[in-house]
Amino acid sequence: MQVDRNTVCGVLLAGGQARRMGGGDKCLQLLGGRTLLARLVDTLRPQVSTVVINANGDPLRLSEYGLPVVADTVDGFAGPLAGVLTGLEWARANAPDCRWVATAACDAPFAPGDLVERLMAAVDDDGADMGCASSGGRDHPVFGLWPVSLADDLRRALVEEDIRKVDVWTGRYRLARAVWATEPVDPFFNINRLGDLEEAERILSAFPDRLRARSFDGRMATSRETTPRLRILLGAAVALGPGKADLLEAIGRTGSISAAAREMNMSYRRAWTLVEAMNRDFREPLVETSAGGAGGGGTRITEAARDVLDRYRAMEEKAADAVADEIADFTALLNGPPG
């Protein structure tokens, strides 16, 4: 998927302490002669418009990286959500073109070089509000893609509701997952103790030609049921993809954007944003709303939308048929679990 880097701000979560490794900042621990932070800066910088370091304490200790250093914007130890909020509020105030914040933890030196691209694709495919990375059957929410528009919602959750667990907050929204394989290396392998640092050194020695994080992301975890997904691009944006098509069909069934959003486990705000985007991208509106209406919804998909859906589903079927043999051959190359 083509990603407009100018719409994404990168935030490196660097607040961890190396209490089990002799003290100090975990992000400044050395791996292969370079700090963990330096490795993550190199990985994330090409994927986003700008990179910000989220760390409390004296910012001068990180001045050599030449990046903004921003402390948590909420008091007390609020966990990873505090770093996410800090990034969202920084982007809103300092990077008005950024609609998304991508976060990455600095204790995972093999983070993938296509993190943002894959997260964005997952969010778009699922019509989701936000996305996180997953590998080995585990979610890694500190590697996430977050909409700047939810900054105020997150602040209320942290300050007024005292929410600290990431999954409690993300459970209110539709969360997409981008899945990575764990072979030859789990890209989200993280360092918490000296033994982990020693294991990371062993990994670097075992894969001398794969020192860059991008080298570890070549094989995506998948099932043996491999299906091509059709996305129609309008410039860098997706005019119509699986998520938007499913939303249109749900609106057609329910006669309501809110009911369609509930059916798809999507927030109303996200559904409305997708509807607005589709009405803007097509010459004729695909969704019309009015006061009242059957079931109180007052919403319908237009004849233009039905035509678009018919054409899209037909193209999906033709595309799948056209590459069926190639997909079968390609699937055999994937490192997914047996079906």
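Listed values, structure above:
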read-out: From the options G127, G113, G171, G195, residue that is at positive phi and at pLDDT below 95; value: G127
read-out: Of all residues in the stretch 1-25 being modelled with pLDDT under 90 and within 24 Å of the chain's Cα centre (by Cα), the one that is farthest from A239 (Cα to Cα); value: G16
read-out: Cross-chain or 6+ apart pairs with Cβ under 7 Å, the stretch 107-134 first and of a type in the set (F, W, Y), then part of a loop (DSSP other than H, G, I, E, B) and surrounded by fewer than 24 Cβ atoms within 10 Å (Cβ to Cβ); value: F110/V185; F110/F189
read-out: Subset of the stretch 103-138 (residues that are touching a strand residue (DSSP E or B) at 6+ places or on another chain (Cβ under 8 Å), crowded, with 24+ Cβ neighbours inside 10 Å and over 28 Å from A261 (Cβ atoms)); value: A104, A105, C106, A108, P109, A111, P112
read-out: Flag if D152 is under 26 Å from V51 (Cα atoms) and either out of contact with any helix residue (DSSP H, G or I) (no Cβ under 8 Å at 6 or more places or on another chain) or of a type in the set (S, T, Y) (or both); value: yes
read-out: Filtered residues of the stretch 147-167 (kept if part of a helix (DSSP H, G or I) and free of Cβ contacts under 8 Å to residues at least 40 places away in the same chain); value: D152, D153, R156, D167
read-out: Selected residue (only one of G144, G87, G83 is in contact with a strand residue (DSSP E or B) (Cβ under 9 Å, 6 or more places away or on another chain), buried (at least 17 other Cβ atoms within 10 Å of the Cβ) and assigned to a strand (DSSP E or B)); value: G144
read-out: Failed item in (1) hydroxyl-bearing (S, T, Y); (2) modelled with pLDDT of 95 or more; (3) closer than 25 Å to G195 by Cβ, with T86 passing the rest; value: (3)
read-out: Residue count, the stretch 168-184 (criterion: in a helix (DSSP H, G or I) and over 17 Å from A122 (Cβ atoms)); value: 2
read-out: Residue within the stretch 262-283 that is of a type in the set (A, V, I, L, M, F, W, C), surrounded by fewer than 18 Cβ atoms within 10 Å (Cβ to Cβ), at pLDDT below 85 and assigned to a loop (DSSP other than H, G, I, E, B) present; value: no
read-out: First in the stretch 231-258 and without any contact (Cβ under 8 Å) to a residue 24 or more places away in the chain and under 15 Å from L286 (Cβ atoms), second anywhere and in a loop (DSSP other than H, G, I, E, B) and of a type in the set (A, V, I, L, M), Cβ under 6 Å, 6 or more apart; value: A250/M264
read-out: Residues of the stretch 75-105 classified as more than 21 Å from V41 (Cβ to Cβ) and touching a Phe, Trp or Tyr at 6+ places or on another chain (Cβ under 7 Å), total; value: 1
read-out: Some residue of the stretch 97-115 being of a type in the set (D, E, K, R) and outside any loop (DSSP other than H, G, I, E, B); value: no
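The values are calculated or read from the model by the stated rules, or taken from the named source; none is laboratory data. All values derive from a computational prediction rather than experimental measurement. Ideal geometry is used to build each Cβ from the backbone, glycine not excepted, and the neighbour counts take in all protein chains shown.
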